[in-house]
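Below is one structure, written out as structure tokens; the observations come after it.
The numbers here are math on the coordinates, done by the rules we state, and not lab data. What you see is a predicted model, and the numbers here were worked out from it, not measured in a lab. A quick note on method: Cβ atoms are made from the backbone with ideal geometry, for glycine too, and the neighbour counts reach across all protein chains shown.
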Amino acid sequence: MSETRIIDASDPAAQNKVVQEAVDLLEVGELVALPTETVYGLAADALNPDAVAKVFAVKERPEFDPLIVHVGSFEQVDEVAEVPDDIKEVVAKLMKAHWPGPLTLVLPKKDCVPDIVTSGLPSVAVRMSGHPVMKAVVRALGRPVAAPSANRFGRISPTSASAVEKELSGRIPAIVDGGACREGLESTIIRPEAGEKRPVLHILRAGPVTKEMLQRFGKIERPKRNRASEVPEAPGQLASHYAPVTPLRLLRDFSDFKPEEGKKYGLLSYCGAEKAGFIDGYDWAHVEQLSPGNGKLAEAAVRFFYVLRALDESGVDEIIAEPVSETGLGVAIMDKLRRASVR
């Protein structure tokens, strides 16, 4: 097991040096964890199949689960994807409105993209991160970067360098510490296609760019929950995902909670509201709130993985999660809670 270096990116004056250190690793086929606005990504040169294979090995990720490819400019999309004429207009509008940012587009891939990146699928998931470090690294490298979340497969996604270190220390050469991620949830993934009257946007993974934000670009097809046996079309679609080691159970109503004697229970509360019946309904061993006292979905999204990790490390035997409203960002939060609760 090799030592993992932490590269501090907090000093703007040192950014060029930090970026070059990351590029030096990527150019020789090594991996480096990089911050994005959503979660930390485990980056590899997307056009180097040997480097990408290391991503799957380090994460212990099944090779049927495709990766997201990060580009550094609109023009670089043409290097990895073939955008059909009938969706060029809507793709251009989506990129202009939401790039750089937490939106991933699934498009027909070009032959230069190794099959290991797309898990043999004819499409590639592409996005441009808004984080200055990730954006600068991709541009300096001059090649797209494949970067799934920097954690072991199926585990809680990391939103800080320290969380990456807990997951992958000794497995990768370096982690670039760019501070806490401002969004906290993985990017929204959509597959645009031509429709009879308007483009159709298939939401493959809910995220920070919500259905309400996308409606003006086309007809929305809601995400369908995948069965465990189905081959994913995009990252984050497997039935069990984003899961803590500690068993998690999502309950619609507190009356469904039947504690077992001798077990310690932790509560993942939305905002600690008494009317929900959870927070005062039991003597919880540990409580974490997504949006303490406020009930703001944006705050809940930013804190989601941090809070889930805190509960996982608290020593409880089981985590009980109360629901959030399935509107806006709440759709993505509930999707992740459902996947975390599948065993």
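Using DSSP, restrict attention to beta bridges with both residues in region 125-254 and report what percent are antiparallel, rounded to the nearest 5. All intermediate terms of the calculation are to be shown ahead of the outcome.
Numbers: 5 of 8 bridges.
Of all bridge pairs located within region 125-254, approximately 60 percent are antiparallel.
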Expected sort for 158-170, 38-50, 263-275 on mean C-beta neighbours within 10 Å, highest first, is 38-50, 158-170, 263-275
Give the calculated FRET efficiency between residue 110 and residue 213 to the nearest 0.05, with a Förster radius of 30 Å applied to their Cβ-Cβ distance.
0.60
Ranked by how many other beta carbons lie within 10 Å on average, peptides 254-262, 112-120, 332-340, 188-196 from highest:
332-340, 188-196, 112-120, 254-262
Spin-label pair residue 221/residue 60, simplified geometry with 7 Å Cα→Cβ offset, distance in nm:
3.5
R0 of 25 Å, Cβ-Cβ distance residue 139-residue 53: FRET efficiency to nearest 0.05:
0.50
Quick one: 251, 308, fewest Cβ neighbours within 10 Å first, how do they rank?
251, 308
Kirkwood Rh over Cα pairs of region 166-311 into Stokes-Einstein at 37 °C, 0.692 mPa s: D in µm²/s?
179
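Would you mind working out the magnitude of the charge dipole of region 248-341 relative to its Cα centre, with +1 at each Lys and Arg C-beta and -1 at each Asp and Glu C-beta, to the nearest 20 Debye?
Dipole of region 248-341, to the nearest 20 debye: 320 debye.
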Could you work out the relative contact order of region 43-182? I mean the mean sequence separation of Cα pairs under 8 Å and 6+ apart, divided by the number of residues, in percent.
33
Please list, in order, the residues from region 302-343 whose amide nitrogen is less than 11 Å from a point placed 7 Å along the Cα→Cβ vector of residue 286.
307-319
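Below 8 Å, C-alpha to C-alpha, sequence gap of six or more: please give me the relative contact order for region 248-341 in percent.
Relative contact order here is 39 percent.
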Which entry in (1) 1.08; (2) 1.25; (3) 0.98 matches Cα Rg over 2.2 N^0.38 Å derived from the coordinates of this structure?
(3)
State the answer as a single residue: which of 179, 195, 234 lies farthest towards the positive end of the charge dipole of region 154-296, with beta carbon charges of +1 for Lys and Arg and -1 for Asp and Glu, about the Cα centre.
195
Quick check: pseudo-label points 7 Å beyond the Cα along Cα→Cβ at residue 162 and residue 264, how many nm apart are they?
2.0
What residue among 123, 52, 215 has its Cα farthest toward the positive end of the dipole of the chain, where the charges are +1 on Lys, Arg and -1 on Asp, Glu, each on the Cβ?
215
Computed over the chain: relative contact order in percent, which uses C-alpha pairs under 8 Å that are six or more apart:
19
Charge dipole (debye, nearest 20) of region 117-215; +1 at Cβ of Lys and Arg, -1 at Cβ of Asp and Glu:
140
How many nm separate the modelled label positions at residue 93 and residue 182, each set 7 Å beyond the Cα in the direction of the Cβ?
2.6
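Of the listed peptides 145-154, 86-95, what is their order by residue-averaged count of other C-beta atoms within 10 Å, with the highest listed first?
Most protected by this proxy first, the peptides run 145-154, 86-95.
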Lys, Arg +1 and Asp, Glu -1 on Cβ, resulting dipole of region 105-168 about Cα centre, debye, nearest 20:
140
